[in-house]
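Trainee: This is the structure I want to talk about, given as C-alpha cells.
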Amino acid sequence: MDNLITFAITVFTGFFAITNPISNMTVFVSLTQGLDKTIKRDINKRANIIAFIIVTVFVLLGKYIFELFNISIPAFKITGGILIFFIGFEMLQSKQSNVKSLDSVDTEEDIAVSPMAIPILAGPGTIVTAMNFVANVETIQTVLVIAIFGLMSILTYLTFRASDFIVKIVGNNVISVIGKIMGLIIAIIGTGMVITGIKISFDLITA
C-alpha cells in the first residue's frame, strides 16, 4: 500500500510538472483571445478530452509498442530521460515553442486539436513520461497512471476555465517563475530516468 501511495505521488508530480497547467494557461489565453466564452469553454473541454485519450492509448499500448519495435526498457528510459531533460532545460530558459502561435490556426476546432491537445497538453514529453511510468509495472499501477492523468486533465480544464481571472490576479511574472520551477522538476525527472536506465543496463538494479 505504501508503495502504491509513493508511486501515485511520483506520477502526479511528474504529470503536473510536464503538463504544467498554470504555465500553459497563458498559452490558452493567448490562443483564445477575443473568442466568446462559450467557444473558449468548448475548446478547453475538447482539448483536454483529446489529450486524455491520446495519453491513455499510449499507456495501454506502450508495452506492445516496445515489443513491436523491440525497444528495451533501459533504452527507453535513457532516451526518454534525455528528451524530458531538454524539455525541462528549455523551460528553465523560458524558450517558447513555435507551435504556440495562432498563425497556422484557421478555426476554433483546429485550436482544440492542435496546438492545444497536441503538442501542448499531450506532447512528446507527456507521452514519454506516461509510458515510462507503466514500463514493467503491474495492472494496478497502469490503472493508477490513467486515473491520475485523468485527474490532471480535470485540473487543467478548471485552470483554463478560470484563466482570465487567475492571470489578472497573479500576474505573468509569477506564472513565469512557476514555469521555471516546473522546468527544474522536469529536468530532474529526466535525469532520474537516465540514471535508472543505466543502472538496469548494467544489472545494478532489476528492471
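Trainee: With (1) under 21 Å from residue 154 (Cα atoms); (2) at pLDDT 85 or above; (3) of a type outside the set (D, E, K, R); (4) surrounded by 15 or more Cβ atoms within 10 Å (Cβ to Cβ) as the list, and residue 57 as the residue in question, which single condition is left unmet?
Mentor: Here residue 57 clears every test but (4).
Trainee: Right, another one. Among the residues of region 48-80, how many are in contact with a Phe, Trp or Tyr (Cβ under 8 Å, 6 or more places away or on another chain) and among the hydrophobic types (A, V, I, L, M, F, W, C)?
Mentor: Summing the residues that are in contact with a Phe, Trp or Tyr (Cβ under 8 Å, 6 or more places away or on another chain) and among the hydrophobic types (A, V, I, L, M, F, W, C) in region 48-80 gives 7.
Trainee: Keeping to region 191-200, report how many residues are modelled with pLDDT under 85 and either under 17 Å from residue 89 (Cβ atoms) or open to solvent by 60 Å² or more (accessible area, probe 1.4 Å) (or both).
Mentor: 1
Trainee: Can you spot a residue in region 6-27 that is open to solvent by 40 Å² or more (accessible area, probe 1.4 Å), farther than 22 Å from residue 182 by Cα, without any contact (Cβ under 8 Å) to a residue 12 or more places away in the chain and not aromatic (Phe, Trp, Tyr)?
Mentor: no
Trainee: Return the pair list, or none, for Cβ contacts closer than 7 Å from residues in region 126-144 that are at positive phi to residues that are part of a helix (DSSP H, G or I), at least 6 apart or on different chains.
Mentor: 136/73
Trainee: On the basis of being out of contact with any His (no Cβ under 7 Å at 6 or more places or on another chain), at pLDDT 85 or above and surrounded by fewer than 17 Cβ atoms within 10 Å (Cβ to Cβ), does residue 41 make the cut?
Mentor: When the stated conditions are applied, residue 41 passes them.
Trainee: Out of the residues in region 60-78 that are open to solvent by 50 Å² or more (accessible area, probe 1.4 Å) and touching a residue at least 40 places away in the same chain (Cβ under 8 Å), which is nearest to residue 147 (Cα to Cα)?
Mentor: Filtering region 60-78 down to residues open to solvent by 50 Å² or more (accessible area, probe 1.4 Å) leaves 60-61, 63-64, 67-72.
Imposing the further condition that a residue be touching a residue at least 40 places away in the same chain (Cβ under 8 Å) reduces the set to 60, 63.
On the way: 60: 12, 63: 18 Å.
The selected residue is 60.
The values are calculated or read from the model by the stated rules, or taken from the named source; none is laboratory data. Given the structure is predicted, the values throughout are model-derived calculations rather than measurements. Using ideal geometry, Cβ is built from the backbone for each residue, glycine included, and neighbour counts are taken over all protein chains shown. Accessible surface areas use protein heavy atoms only, side chains included; no ligands, DNA or RNA. Shrake-Rupley method; radii C 1.70, N 1.55, O 1.52, S 1.80 Å.
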